[in-house]
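Beneath this line is the structure, given in structure tokens, with notes to follow.
The values are calculated or read from the model by the stated rules, or taken from the named source; none is laboratory data. In this text the structure is predicted, and so the values were computed from the model without any measurement. Cβ atoms come from the backbone with ideal geometry, glycine included; neighbour counts cover every protein chain shown. Heads up: the accessible areas ignore ligands, DNA and RNA and are worked out on the full protein's heavy atoms, side chains in. Shrake-Rupley method; radii C 1.70, N 1.55, O 1.52, S 1.80 Å.
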Amino acid sequence: MKKLFMIAAMAVFGLSSAQEGFKLGAHIGIPVSDAGDASSFNLGLDAAYMWNVGSGFDLGIATGYSHFIGKSNNGYKVDDFGFIPIAASGKYRFSGSPVSIGLDLGYGISTKDGIDGGLYYQPKVAYNFSQGELYLGYQGVNSKIGPFDFGVGSVNLGYNFFLK
């Protein structure tokens, strides 16, 4: 019984330490929805820590910063604004393929006075390399400006490095 317990403990420890790690990267995007009227493009940083919890399935936490560059619209200049996501992150790697799908879900903290934070979501598809991943995703925050609903969203292309 002791041998079985030791083998199981070593297997669990070996899987968790070999598969977990940091991801750090950057993205650039094209704003859509309400953000498309207020912003010309966005760029940001991505960070996550992932744990392997099953065959091809990782769960973790994610954060970063997404900055939207303001633009003039109908003679009114919109200031830059940004969000800091605090999210749970999930990723599924298809067996035998370098392709994966993922979802970050949490809360986007606004860095601009007058714009509230809100529900943050980012579905994405990625192509995985040995040292990182190239992804295409949609990043959105359901927010408010005063009494008005404001949907911030962008289609992003990014690259994350795996730091183990």
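A few remarks follow.
- Every residue from segment 138-164 that is charged (D, E, K, R) and in a strand (DSSP E or B): Lys144, Asp149
- Single match in Tyr76, Tyr92 (criterion: hydroxyl-bearing (Ser, Thr, Tyr), modelled with pLDDT of 95 or more and over 20 Å from Ile28 (Cβ atoms)): Tyr92
- Against the numbered list (1) surrounded by 15 or more Cβ atoms within 10 Å (Cβ to Cβ); (2) under 17 Å from Asn156 (Cβ atoms); (3) under 12 Å from the mean Cα position of the chain (by Cα), Val125 comes up short only at (1).
- Hey, Gly82 assigned to a strand (DSSP E or B), in contact (Cβ under 8 Å) with a residue 12 or more places away in the chain and either under 21 Å from Asp58 (Cα atoms) or touching a Leu at 6+ places or on another chain (Cβ under 8 Å) (or both) or not: no
- Considering residues of segment 129-138 that are at pLDDT below 95 and of a type outside the set (Gly, Ala, Ser) only, the residue least open to solvent (accessible area, probe 1.4 Å): Phe129
- Residues of segment 139-154 satisfying the condition of being modelled with pLDDT under 90, small (Gly, Ala, Ser) and within 16 Å of the chain's Cα centre (by Cα): Gly153
- Residues that are farther than 17 Å from Ala62 by Cβ and either of a type in the set (Phe, Trp, Tyr) or outside any strand (DSSP E or B) (or both), drawn from segment 85-110: Phe94, Ser95, Gly96, Ser97, Pro98
So that you can scan it fast, the table gives a plain yes or no per residue for (1) buried (at least 19 other Cβ atoms within 10 Å of the Cβ); (2) under 23 Å from Val32 (Cα atoms):
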residue	(1), (2)
Ala87	yes, yes
Gly90	no, no
Val99	no, no
Ile145	no, yes
Phe150	yes, yes
Lys164	no, no
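- Taking the criterion of being over 14 Å from Asn42 (Cα atoms) and open to solvent by 60 Å² or more (accessible area, probe 1.4 Å), the residues of segment 67-85 that qualify are Ser72, Asn74, Gly75, Tyr76, Lys77.
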